[in-house]
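Student: There's a structure below that I have some questions on.
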Amino acid sequence: MAKALIDRFGLQHLSTGDMLRAAVAAGTELGKLAQGFMSQGALVPDDVMVKLLSERVQQADCRLADGTPRFLLDGFPRTLPQAAALDREGLSPDLVVFLDVPDEIIVRRLVGRRTCPQCGNPHHVEFAPPVQDGLCDRCGTRLVHRPDDTEGAIRRRLDAFHAQTGPLVERYAHVLAHIDGNQPPETVQKSVSTTLRSHGVVG
Ligand code: AMP
């Protein structure tokens with residue numbers, strides 16, 4: 001969903017999951033540390049994540065010409081301490097989009113997900129199979145099955161989500177847009193776009 005929105009609205013996409021996967025692929029210290037947590041379906045510790053994001057948002061591509069921060073956060077904050085860190089840095093979100101999907105549907109979506117490591121284009125073995133078996137429709141790169149998109153890891157990620165990310169729904173009640181994510185992708189995309197526009201966060 002984030003990928004579709006950034007293309008449409010020209011937003012900078014900051015996915016902490018993508019940043020961590022790049023660090024794992026590059027074999028950096030951060031990648032080595034994060035890999036164990038990620039493969040278990042657990043959250044990476046807050047201090048590591050806060051440092052990663054704080055450094056990333058300093059970069060010029062996260063600001064408008066007048067210096068105003070502008071980006072779409074995907075997968076951050078996931079805990080109350082991460083939300084507090086955003087506040088401390090003067091980066092409290094203008095809008096928080098909660099895509100509500102029942103757990104069993106999430107398991108079905110993620111078990112079959114196949115992602116392009118090159119361009120990020122998502123596919124699904126059942127709902128959006130690639131035209132050429134195993135290859136990205138957009139750039140032809142071989143698709144990957146994320147190691148944490150197995151049923152066991154997905155269920156542990158859902159447990160982490162409910163226990164650690166769930167409290168953010170109340171924390172952000174004043175800026176929360178609750179969207180039914182259990183609809184076809186185009187319908188969800190339309191709802192999110194309308195919400196972003198009606199809250200004035202995109203033109
Ligand atoms: P995602 O690509 O957003 O599904 O994230 C994949 C994995 O990266 C998660 O299951 C966590 O292990 C880790 N991760 C990503 N973002 C965060 C975050 N904000 N806090 C802690 N762990 C994170």
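Coordinate-derived values only; no laboratory data. None of these values were measured; they are calculated from a predicted model. Glycine also receives a Cβ, built like all others from the backbone with ideal geometry; neighbour counts cover every protein chain displayed.
Student: Can you give me the C-alpha center-to-center distance between region 130-190 and region 1-72, rounded to a whole angstrom?
Tutor: The two parts, judged by their Cα centres, are 16 Å apart.
Student: Would you calculate a helix-derived [θ] at 222 nm for the chain, using -39,500 (n - 2.57) for each DSSP H run of n ≥ 4 and dividing by the full residue count, to the nearest 500?
Tutor: On the way: 9 runs with 90 residues, N = 203.
The per-residue figure over the chain is -13000 deg cm²/dmol.
Student: Rounding to the nearest 20 debye, state how big the charge dipole of region 1-131 is about its Cα centre with +1 on each Lys and Arg Cβ and -1 on each Asp and Glu Cβ.
Tutor: Working: 14 positive and 16 negative charges, 74 e Å.
The calculation lands at about 360 debye.
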